[in-house]
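Peer 1: Quick one: the structure is below, and I'll ask about it shortly.
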């Protein structure tokens, strides 16, 4: 039997680790008393309320055990290493680089911890690094205090998805890594997520949203007494920082037994207060989409906007497949995505399918806009998210002009901009999904951009390319015309390998663009007014 030393400051986690490992190993807590050691499991103590590891303590331990002749070292790091930022796409894989550029001190400290471990155990030792989601074990860390308190101070307009890990599942993951002699970096997280508000309600914690500016002032007064967590810690309940556990499942066969809700219920004692049926058994969308929310708005606000304010007429719904993946490629005008929002409403109402639109991280920084777009099905634009949606067989909405199209001056509103890198074509080819072009005429009039200002401070704060000047701060009424065009078929025409052929990708992109330009010209030629009239009835006659 191998001898394992466990160094873990959280009593509950340490107890579970010893309990799991003693089935097949001789286990010591913290000290080996001079006896030979085969493996060390190390979890660093946290530095006060900062939510970051105490690096001095960690380096001292690394130096000691690197000279002890051990065969395996298991470091329990944290998924906080990826940082909580608008750029975090959600369900992050281990291949994503940790934040090391100073944007997050917490993430930087966890990254530094891993660097020290790799430095001291670079040769001759099987080094495994685990990056668990928030572990709900009694202690002084941020999430333990958050769900153990009676009141939680949050930020208004931000309700990210959380992953909460049971201490027992963390212990089981360590046991799996040791027994498989695994080497490398592994995320450890339940498959399911949970919205922040639902989690607080399950834990019977009252949520009080306080604006960031007010919290900053309060912390300036209380920080000298070291009685509050730093403001940066709030980013972990401001933005989603969920991670993917696919690697440890595929390579080691490990998957947490508890969902996020079950782990929280176990921690908070909800199982004894009969709060389980609604909260624990409910399956939440990985990215926060809520079809009940979409449906409710469709009966109220969206109904008014669609039928009375913008009086949207739509043509070509028969082009939308009722099942299976498809890439919807359109044009987006205006710095707020009302055209995409109304398209979600119409497709959900008329086809029962809710498309997932790729959105710019700048929209996530805005309170309330973040919640609104997440619940409507928006996901951060990146290849992983696009592939994930198409693999699930969903409709994926893409605006290939990007920010250049959204921030077009009104005089150029119906002139297509360059299509970037044509990633939408590569996605469709890889997943053998049809490409369905669509155009909307009329949405450019609701927030017409008449001038753009290059203001560096504004661009840093919002991640927008400019400060737009419009004729009105609120969306104006106009008449919209949306048309879905015949699909560019991919399956049975191209093989997935064609995604690596620039000529094929370019040819498909040109075809999609040409169809959209023709449709734009055709609709504009029939449009008699920006406020009334049908263009599709004229076409039919």
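Peer 1: Over the residues of segment 291-540, compute the C-alpha Rg and express it relative to 2.2 N^0.38 Å.
Peer 2: My calculation over the Cα atoms of segment 291-540 gives 0.97.
Peer 1: So for each of 472-484, 130-142, 36-48 I average, over its residues, the number of other beta carbons within 10 Å; can you give me the resulting order with the highest mean first?
Peer 2: Per-residue Cβ counts within 10 Å, averaged per peptide and sorted highest first, yield 130-142, 36-48, 472-484.
Peer 1: Show that you can apply the helix-only estimate: for the chain, add -39,500 (n - 2.57) for every DSSP H stretch of four or more residues, divide by all residues, and state [θ] at 222 nm to the nearest 500.
Peer 2: It lands at -10000 deg cm²/dmol.
Peer 1: On a 0 to 90 degree scale, rounded to 10, what angle separates helix 338-351 from the longest Cα axis of the chain?
Peer 2: Rounded to the nearest ten degrees, it is 90.
Peer 1: Then there is this: Using only the alpha-carbon atoms, what does segment 17-106 span along each of its principal axes? Please give whole angstrom values in decreasing order.
Peer 2: Ordered largest first, segment 17-106 gives principal extents of 48, 28, 24 Å.
Peer 1: Using the Kirkwood radius over Cα pairs, work out the Stokes-Einstein diffusion coefficient for segment 276-380 at 37 °C and 0.692 mPa s, in µm²/s as a whole number.
Peer 2: 220
Peer 1: Please sort 339-345, 123-129, 263-269 by packing, taking for each peptide the average over its residues of neighbouring beta carbons within 10 angstrom, highest first.
Peer 2: 339-345, 263-269, 123-129
Peer 1: Kirkwood Rh, Cα Rg: Rg to Rh for the chain?
Peer 2: Taking Rh as the inverse mean 1/r over Cα pairs, Rg/Rh reads 1.02.
Peer 1: Label-point separation (nm) for residue 522 and residue 534, each offset 7 Å from Cα along Cα-to-Cβ?
Peer 2: Placing both labels 7 Å beyond Cα along the Cβ direction yields 1.7 nm.
Peer 1: How far is helix 11-21 tilted, in degrees, relative to the longest principal axis of the Cα atoms in the chain, given as a value from 0 to 90 rounded to the nearest 10?
Peer 2: For 11-21 against the chain, the angle is about 80 degrees.
Peer 1: Turning to a different aspect of this structure: At a 10 angstrom cut-off on C-beta neighbours, averaged per residue, how do the peptides 408-418, 436-446, 67-77 rank from highest to lowest?
Peer 2: Sorting 408-418, 436-446, 67-77 by mean packing, highest first, produces 436-446, 67-77, 408-418.
Peer 1: Would you mind computing the Rg to Rh ratio of segment 3-271 from its alpha-carbon coordinates, Kirkwood style for Rh?
Peer 2: 0.96
Peer 1: Would you calculate the volume per residue, in Å³, of the smallest convex hull containing every Cα atom of segment 409-492?
Peer 2: Dividing the Cα hull volume of segment 409-492 by its residues yields 137 Å³.
Peer 1: Mean separation of Cα pairs under 8 Å and 6+ residues apart, divided by the residue count of segment 445-541: what relative contact order is that in percent?
Peer 2: Averaging sequence separation for qualifying contacts and normalising by length gives 25 percent for segment 445-541.
Peer 1: Helix 105-120 sits at what angle to the longest principal axis of the chain, using alpha carbons and giving 0 to 90 degrees rounded to 10?
Peer 2: Taking Cα atoms only, the helix is inclined about 50 degrees.
Peer 1: So if I take the centroid of the Cα atoms in segment 394-446 and the same for segment 231-265, what is the distance between those two points in Å?
Peer 2: Centre-to-centre (Cα) distance: 33 Å.
None of the figures in this text is laboratory data; all of them are computed from the coordinates on show. None of these values were measured; they are calculated from a predicted model. Note that we place each Cβ from the backbone using ideal geometry, even for glycine, and neighbour counts take in every protein chain shown.
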